[in-house]
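Below is one structure, written out as structure tokens; the observations come after it.
The values are calculated or read from the model by the stated rules, or taken from the named source; none is laboratory data. Fair warning: this is a prediction, and the values are worked out from it, not measured in the lab. Don't worry about glycine lacking a Cβ; one is built from the backbone with ideal geometry, like all the others, and counts go over all protein chains shown. Areas reflect the complete protein model, heavy atoms only, side chains present, ligands, DNA and RNA absent. Shrake-Rupley method; radii C 1.70, N 1.55, O 1.52, S 1.80 Å.
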Amino acid sequence: MSNIEDMSQPDILYVSKDVANMLNIANTTVRKYCDELEKNGYEMKRNVHGHRVFVDQDIKVLETVLKLKSEMKISEACQYVLKKLQVDTNKKDDISDMSEGNTQIVPKEDPGIVTTQMIEHFKEMEAKLLNKIDQQTKLQQRRDEQLMMVMRELAAAKERERKKPWWKFW
């Protein structure tokens, strides 16, 4: 890894490529998350060229956003992490408690309402699926009836052909 060490700080500074490798994500994803964090007021350190440099706390913040993105939008995850960071900075100076998986997502709505909405959604999906199954069953029955009718006609034609007198063969 190409670490950049700054003598004025005891922290090791990382470039975005190193952070992307640490988190197993693309460099563009790191930029996207950083842009979203900066939109919400998080300050990233920059080197003399204006490129972002990351300290361990920044990596923990990005790691937490990465964990939360599967459960909410990236913008919401960034806002949640920053709110949690503000609360945690009043208690202590890092967010190690957040990055260890102790994050609990507080839904915006009442959990009972969310559960009821999910149940209603599943009931609607079940009704649609049952309707689709009924349609498929009816189509299969109609196809089977048509197939049997054609088979009977063929059998009748074959029987008529078999019962022809010998002089009508030519």
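List of remarks:
- Residue list for the range 121-167, filter: open to solvent by less than 90 Å² (accessible area, probe 1.4 Å) and charged (D, E, K, R): ASP134, ASP144, GLU159, LYS164
- Residue list for the range 47-84, filter: touching a strand residue (DSSP E or B) at 6+ places or on another chain (Cβ under 7 Å) and more than 15 Å from SER16 (Cβ to Cβ): none
- In the range 23-66, of all residues being touching a Cys at 6+ places or on another chain (Cβ under 8 Å) and among the hydroxyl-bearing types (Ser, Thr, Tyr), the one that is least open to solvent (accessible area, probe 1.4 Å) corresponds to TYR33.
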